[in-house]
1. Against the 2.2 N^0.38 Å scaling, with N counting residues, where does the stretch 316-403 land? I'd like the Cα-based Rg ratio to two decimal places.
2. Only helical DSSP H runs with n ≥ 4 go in: add -39500 (n - 2.57) per run for the chain, normalise by residue count and round the 222 nm mean residue ellipticity to 500 deg cm²/dmol.
3. Translational diffusion coefficient of the stretch 240-362 at 10 °C, 1.306 mPa s, Stokes-Einstein with Kirkwood Rh over Cα pairs, in µm²/s as a whole number.
4. Compute, for residue 264, the solvent-accessible surface of its heavy atoms (probe 1.4 Å) with the complete set of protein chains present, and express it in square angstrom to the nearest 10.
5. Considering amide H positions built from the backbone, and no H for Pro or chain starts, which residues 5 or more places from residue 213, or on another chain, come under 5 Å of its amide H?
6. Between beta-carbons, use under 15 Å as the cut-off and find the net charge around residue 262, counting Lys and Arg +1, Asp and Glu -1.
7. Considering only the chain, what is the antiparallel percent among its DSSP beta bridges, to the nearest 5?
8. Give me the three principal axis extents of the stretch 3-95 from the C-alpha atoms, as integers in angstrom, largest value leading.
Amino acid sequence: MHGEQHYLVGLDLTGRRVVVVGGGTVAQRRLPRLVAAGAVVDLISPEVTPAVEGMVDGGEVTWHARGYADGDLDGAWYVLACTSVAEVNARIAADAEERRIFCVRADVATLGTAVTPAVGGHDGLLLGVLAGGEHRRSARVRDSLVSALRDATVVDDHHERLAGVALVGGGPGDPDLITVRGRRLLARADVVVADRLAPRELLDDLPPHVEVVDASKIPYGRAASQDFINTTLVENAKAGKFVVRLKGGDPYVFGRGFEELLACAEAGVPVTVVPGISSAFGVPAMVGVPVTHRGVAHEVVVVSGHVAPDDERSLVDWEALARLRGTLVILMGVERSRAFADALMAGGRPVDTPVSVIQEGTTRTQKVVRSTLDKVADDIVSENIRPPAIIVVGTVAGLAAHL
């Protein structure tokens, strides 16, 4: 039996043959990182999980649909014995040791010549934690270290200087719903230009030297305000500062993100786009409203409600929407909710179609109103619903009653 005091090392597996024996859930967990490391992976197993088969179909792994046989380790640099039969794993480990090839035994780690650490990544760092076979302990420590690096509790001040602008979607409101990449870039910003709907708590985590520009307080009309934002992004980036444009939801879902990208591109400023969880889908999900459901809705349409159906500026075919049977999600629609409901009913949507209205979704002040198409406008008034709020029209809006 080998000792549990291991020597932690990073292997360069790019272009090198790695043999994985067994196509079950252990292989399913290990294969993606091996493939990402550039390994040439030969998988030997009579059967594989659907996820592993997907990697095979995608050309990422070569599958030999049979059991382990003599000679399978020839030319290998690294071996993972992941079968469900201890005797087979023992044979693989013995063959590997005879050939001086390091081998991981998934069933009894201490009987192999290598172990897989709990691995985490952060901003170019790859962290590996070993705990003498105590897998839960190593995983907990790994998670804590990665979290501490993301929150800057553990300082990593060796940063490549970032340039240009990052368009970051902050998610629907709860600060925990920003993406990992979004939070990482936000922590490295010199200037943050924040929308009114961007998660406010994220700004409190910024270091004191970061300049915060509150885009919601710019005292101009809508178009002039956007021009000012574009100029703010470009001028700060050209001054050598890394600028994060922090938006609520997703930058490209009625967030004017592409307008800002175009402005930066015209000025020669590089842009990184970080998608966010769109409020159109994330907010309904949090209150028991799936925007799709098998046998109920085969389409989802997201509509901007900033202009009424009869407004000449409207680009929406409300008659077509009324004929659809799926889900309609209306953003920025509180003020004109009656006009939207009337247009849908006039076009043929049943008056008793379920409607859910969610104000300030995913935040501590979240408020939900369940209604129907013929009553929703009155309910919005009586319940004092105010923007920002999401309106979901369709059968899915009534499914929460089954919970």
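The values are calculated or read from the model by the stated rules, or taken from the named source; none is laboratory data. It should be emphasised that the depicted structure is a prediction, and the values quoted were computed from it without experimental measurement. For neighbour counting, all protein chains shown are included, and Cβ atoms are generated from backbone atoms with ideal geometry for every residue, glycine included. Side chains included, ligands, DNA and RNA excluded: accessible areas come from the protein's heavy atoms. Shrake-Rupley method; radii C 1.70, N 1.55, O 1.52, S 1.80 Å.
1. 1.01
2. Values: 12 runs with 118 residues, N = 403.
Value at 222 nm, helices only: -8500 deg cm²/dmol.
3. Translational diffusion coefficient: 96 µm²/s.
4. 0
5. For residue 213, the qualifying residues are 192, 193, 194.
6. -2
7. Details: 22 of 61 bridges.
The answer is about 35 percent antiparallel.
8. Largest first, the stretch 3-95 extends 37, 29, 23 Å along its Cα principal axes.
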